[in-house]
Amino acid sequence: MSIVAYAPDDLTVTVTADTTLAALQQHLAPRNQWLPMDPPNPTRLTIGEIVDCDLSGPRRYGYGTVREHILSMRAEMADGRMIKSGADVVKNAAGYDLCRLFTGARGELATVEEICFKVQPRPEAEQFGKVTFPTVEAACEFVEKLDTTELTPTVLDLHNANGAGPWTVVVGFAGTREEVDWQCKQTGLLAAVADTKLDYDEQLWATTATGPVHKLSVLPSKLAATIAAMRGVSALVARAGNGVIYYRGEDQGTGLAPAARLMQRLKHEFDPANKLQARRA
Amino acid sequence: MVYECDAYTMEKHLPDAVALPRSTEEVVRVVKLCAEHRLPIIPRGTGTSLSGAVLAVDGGVIIGTTRLNRILNVDYRNRRALVEAGVPNLWITNAVKQRGLMFAPDPSSQPSSTIAGNIAFNAGGPHTLKHGATTNHVLGFDMVLPDGEVVWLGATPDGGEDVEGYDLRGAVIGSEGMFGVITRVVVRLMKTPRAFRTMLVVFNSADDASRTVSDIIAAGIIPVAMELMDQPITRAIEDAYHFGLPMDAGAVLIIELEGHEAGIDRQLERVTELCRKNNARDLKPARTPEERAALWKCRKSAFGAIGRISPNFVTQDGVVPRTKLPEIMHFIYDAAKKLGLGVANVAHAGDGNIHPIIFYDERIAGDVEKAYACSTAIVRRCIELGGTATGEHGIGVEKAELMAVQYSADDLDAMQRLRRAFDPEGRCNPHKMFPSGKRCLNFNPQRQVAV
């Protein structure tokens, strides 16, 4: 577990896959930089797991998923050869983008060993507010209203602790002190906002009693209708801005992977002997 | 001849035929016909690419997307648009700007370069520094594979942004048209920022300008753009367009901040301080939207202005870690001087992405070879400094040999595996990106006589 290279003035850092997210953030903190990612359990979760399973958290709305931050990686191919894809600079158009292909591939195509990220300066200020609604429709209406303003939230989540009862919309802003204050004030004009933390996301993933966390991805405009039609759900957190729903309870089924034949050919090209099994975080 | 090359004119090849289909179905028919006859297929937009990426090296059929040019749907609620592959980049922003939205990637070629062409090279532009390149703004697209099968990769027009399985969308972006022919694309639209601060900063030397860029990044400020133009290019632009640029400046930077009105002036003050610390001679803020537009027009006119001072030129596109910017600038000037060639520099400096423009005259014996040598030396130096051969223009035929410098044989083998999954016969845009014996034998860097 190690930091291989850190060039703070270039805003790049290279780490081995077994480094935890918390360890990486700790290393970047003295220079007031961070990898703007917040999947649950950062002290346990490794960078390799985040990359293999494409994990993200509430700040995804503002900063994107892990693939947006990867500049290059070293990976072990199924036959044992080590390869490098990408370059340790912020822009690179040389060669195919195997980094994106391997991200989220659950280690089925190659084993990711080392990752170079572009990091960012930590925002000067960050603030989160919540607004509670009696129904999912009312909550989504608020999300839509917020979306038509000039505000640029970095977090836009919707959650419901037990499948019933009030729906909470969480809005987060980051940037200079002035712009965060101004955006919070503008949000306050639309609804009664109370300060909050992002711990609801940890809570969804922390409970192990009710089976695995499932995921659905829909158009943001279809969020309310999709959630209203779900049955047997015990807890739910949605990235309302992205249309991504995480939930516990009865599996509502996911869409089939498209281009199935192409994906099979890809798997066969990279791992003809079928040695690499899917990893789960 | 339009179809014998792209904007990289050092090599030319004519295709056997050109097809300009009007629908996905017509593309499928052409592709299947080529599959039957084992002919190469070469997808092509408007040919603005700068690396010879649409050359019909082995003949074959160019499939042009210029008639696939409709914006099919704009979904304002979900901030997406469905467009055909041949829609020029700028048309998208023009179609949605009234509603406060934009398509973020902004290559200099954006009035004419197509969305599918942007996908082929993962095109960026001055504003990539903050907004990312094409891959960050394209959600999904269809693709006619070389055997004629049509697949949809990434988000569908009415589907969620996360898709099960491997990220084939991400794997295709930047693949230089070697996997198949794209006909329809779902793009992400961004809210247009409300507040801008754009300024022209004048320096006595390119050194001071590049150090300023490094200092701003190191101070934790990410402007939306930081563009460097050195003296030769500044003079060329001024001679051609009379924007009022200082003719005696060593270099100028265009720095742009954007965001909300609140707080932006305090950021501007910090940037101003860092400019002054590095001996900025003059800071000229754009006071109106018109002045801002004029500054950007001036930057994007750079390549047009070169035609007036050199009969031919070749542009490079290497990237170095941002802190190495002063070093690579020195190297560029020295390399050109040694060979007795003129050089001018524009650079997406904030990204460490250089665009040295090397002047030559194909009528002078040996000049083409010198330009090629100079250009190659610069790119090799970028790779040595921990960078890459290309930031946004792509490898094409131009830099194919350099791939073996930047990557190991095993790295290239892994890329070939990806290609084989899409195109087992290697018929789609062949002889690009990978070092190939064929091109080595035939390559003769001089203008071929147009038919």
- Query: Inside region B:198-221, can you point out the residues that are within 13 Å of another protein chain (Cβ to nearest Cβ) and surrounded by fewer than 20 Cβ atoms within 10 Å (Cβ to Cβ)?
  - Reply: B:R211, B:D215, B:A218, B:A219, B:G220, B:I221
- Kindly establish whether A:V143 is within 12 Å of chain B (Cβ to nearest Cβ), touching a residue at least 60 places away in the same chain (Cβ under 8 Å) and in a helix (DSSP H, G or I). yes
- Task: Within region B:366-418, track down each residue that is in a loop (DSSP other than H, G, I, E, B) and either closer than 24 Å to A:T111 by Cβ or among the aromatic types (F, W, Y) (or both).
- Result: B:Y407, B:S408
- Message: Being within 12 Å of another protein chain (Cβ to nearest Cβ), of a type in the set (K, R) and under 19 Å from A:K130 (Cα atoms) narrows it down to one residue among A:K222, A:K185, A:K215, A:K197; which is it?
- Response: A:K185
- Can you name the residue in region A:78-88 that is among the hydrophobic types (A, V, I, L, M, F, W, C) and touching a Ser or Thr at 6+ places or on another chain (Cβ under 8 Å) and is also surrounded by the most Cβ atoms within 10 Å (Cβ to Cβ) among such residues? A:A87
- Task: Would you please name the residue that is farthest from A:G86 (Cα to Cα), looking only at residues in region B:404-420 that are among the acidic types (D, E) and at the interface with chain A (Cβ under 7 Å from one of its Cβ atoms)?
- Result: B:D410
- Take region B:137-171 and flag every residue that is assigned to a strand (DSSP E or B), under 23 Å from the mean Cα position of the chain (by Cα) and not charged (D, E, K, R). B:V138, B:L139, B:G140, B:F141, B:M143, B:L153, B:G154
- Query: So, in region B:35-56, of the ones that are crowded, with 22+ Cβ neighbours inside 10 Å and outside any loop (DSSP other than H, G, I, E, B), which residue ends up farthest from the chain's Cα centre (by Cα)?
  - Reply: B:I41
- Pick from region B:165-190 the residues that are among the charged types (D, E, K, R) and touching a Gly at 6+ places or on another chain (Cβ under 6 Å): which of them is nearest to A:L216 (Cα to Cα)? B:D167
- Task: Please indicate, with yes or no, whether at least one residue in region A:57-73 is surrounded by 20 or more Cβ atoms within 10 Å (Cβ to Cβ), farther than 26 Å from A:P123 by Cβ and either more than 7 Å from chain B (Cβ to nearest Cβ) or at pLDDT below 95 (or both).
- Result: yes
- Message: Here is a check on your reading of the model: is B:V368 in contact (Cβ under 8 Å) with a residue 12 or more places away in the chain, among the β-branched types (V, I, T) and under 26 Å from B:C298 (Cα atoms)?
- Response: no
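The values are calculated or read from the model by the stated rules, or taken from the named source; none is laboratory data. These numbers were taken from a predicted model, which means no experiment stands behind them. When we count neighbours, we look across all protein chains shown, and the Cβ atoms used for this are built from the backbone with ideal geometry, even at glycine.
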